[in-house]
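**Q** For reference, the structure I am asking about is given below.
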Amino acid sequence: MALIAYGINHATAPIDVREKVSFGNETVSDALSELKHQVGVHEAAILSTCNRTEIYCSLDQEKHNSPIDWLHNFHGMQPGLLKPFLYSHPNENAVRHVLRVASGLDSMVLGEPQVLGQLKEAYQKAIHAGSIGHQLNRLFQHSFHVAKEIRSNTAIGSHPVSVAFAAVRLAQQIFGELKDQTALLIGAGETIELATKHLYENGLRRMIIANRTLERSQRLASEYSVYAIQIGDIPKHLAEADIVISSTASQLPILGKGAVESAIKARKHKPMFMVDIAVPRDIEVEVGEMDDIYLYSVDDLKDMVQENLRNRQQAAKQAEKIIDTQAREYMDWLNSLDAVSTIRALRGQAELIQEEVIQAGLTKLRKGGDPESILQETTRALTNKLIHSPSSQLRNASANNRNDLLQAAEELYNLNRQVNKKEKKH
């Protein structure tokens, strides 16, 4: 049995290529069913996100169809078209890759936790499709455990590496818990969306979203149950805001010193935390000189992000060591499965011999034979039958100078230790 993990991601393929091989929720089940019916494919799972499409398979080592060819066929692509963008990891490297993905070490943003949830979702879809078996089930469960261990024992997720997250972390440093604060977010682009998400996840529920048109901010407002206003209405609500985060494309400042002075007066000089992520700036520089205002620019946050990224990279080195150890642990378990059929056959053969010898002994007992003599004879017969075939093979090995087989037998039957014990007794 062999493992393979292959696919494309943000580092190997541009978005127009990633789009062509993505799997929507409506196609994953059919894709898994089709993939599992390929020759030699025993188990399969598909992870498909905006940044990656990956296939994980358990294969017959000797004979199987190429899952890579299947990927081309499923998406109606010419064979080999994906070759410049594809990576393929066999066996232990496949295990290591899955563990790295689960832990955020293979992500566009180092250490981000979202991919773990996406991997868990891919696992559930494979379970529902009936394409997960013993090996991949163990691999996914192992990856979830390793990701948790890395989060717990390294600082990989402790340092924000996005400007939006850095802004929220600064707010926490100033206010502590955010659940009692009110935030005003100006703009409706990706940065504001991320800031809204991070604030919400950290317990802040009172948010006002301001944009030039209500339509652009209403989607965020509906998703997070917050209040949407137009930029022109900001002065009416500014005094409510403990936290202000602004990121627009305006060429002129959105907030001037006069408006902020009025808001601070209405707040009775209760402090206000402001983050200006825009370039050009949305908040006049002079605002930062005011008492009771904590104003940070995008450059302040970028310095924080760079420092945190260095911290994450250091934590990633620790995480890689954990992954190396855990990948070997999984492979040890996987390799142990190869012995199962041999052990089962050995036990079956021994049980047949045992049954044969016992029946012979019982027959003699029924005929009135001496129980003690029959017991001794039966145990001798059992011993002779059990060691007959191994003894014959070892004699042949000795005659053919197969010292490797002789050494293996000594290790298998622990013969050196038994000899040493006897020597000590004498």
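**Q** Looking at region 171-195, which of the residues that are in contact with a Phe, Trp or Tyr (Cβ under 6 Å, 6 or more places away or on another chain) and part of a helix (DSSP H, G or I) is surrounded by the fewest Cβ atoms within 10 Å (Cβ to Cβ)?
**A** 174
**Q** One residue is enough: does region 218-234 have a residue meeting the conditions in a strand (DSSP E or B) and under 30 Å from residue 107 (Cα atoms)?
**A** Checked against the condition, which is being in a strand (DSSP E or B) and under 30 Å from residue 107 (Cα atoms), region 218-234 yields no hits at all.
**Q** When you go through 345, 327 one by one, which is the residue that is aliphatic (A, V, I, L, M), assigned to a helix (DSSP H, G or I) and either modelled with pLDDT of 90 or more or surrounded by 20 or more Cβ atoms within 10 Å (Cβ to Cβ) (or both)?
**A** The match here is 327.
**Q** Also, I was wondering about something else. Give the residue that is farthest from residue 332 (Cα to Cα), with candidates limited to residues of region 80-107 that are of a type in the set (A, V, I, L, M, F, W, C) and within 14 Å of the chain's Cα centre (by Cα).
**A** 105
**Q** Would you kindly identify the helices (runs of 4 or more DSSP H) lying entirely within region 357-426 that contain at least 3 residues that are over 54 Å from the mean Cα position of the chain (by Cα) and modelled with pLDDT of 85 or more?
**A** Where helices (runs of 4 or more DSSP H) fall fully within region 357-426 and carry at least 3 residues being over 54 Å from the mean Cα position of the chain (by Cα) and modelled with pLDDT of 85 or more, they are 371-399.
**Q** Check residue 279 against each of (1) closer than 19 Å to residue 165 by Cβ; (2) modelled with pLDDT under 85; (3) not assigned by TED's automatic domain parsing to the domain that holds residue 238 and name the one condition it does not meet.
**A** Unmet condition: (3).
**Q** If I filter region 238-246 for residues that are out of contact with any strand residue (DSSP E or B) (no Cβ under 8 Å at 6 or more places or on another chain), modelled with pLDDT of 95 or more, more than 21 Å from residue 164 (Cα to Cα) and assigned by TED's automatic domain parsing to the domain that holds residue 199, do I get at least one hit?
**A** Within region 238-246, one or more residues are out of contact with any strand residue (DSSP E or B) (no Cβ under 8 Å at 6 or more places or on another chain), modelled with pLDDT of 95 or more, more than 21 Å from residue 164 (Cα to Cα) and assigned by TED's automatic domain parsing to the domain that holds residue 199.
The values are calculated or read from the model by the stated rules, or taken from the named source; none is laboratory data. Keep in mind that what you see is a predicted model, and the values were worked out from it rather than measured. Note that each Cβ is placed from the backbone with ideal geometry, even for glycine, and that neighbours are counted across all protein chains shown.
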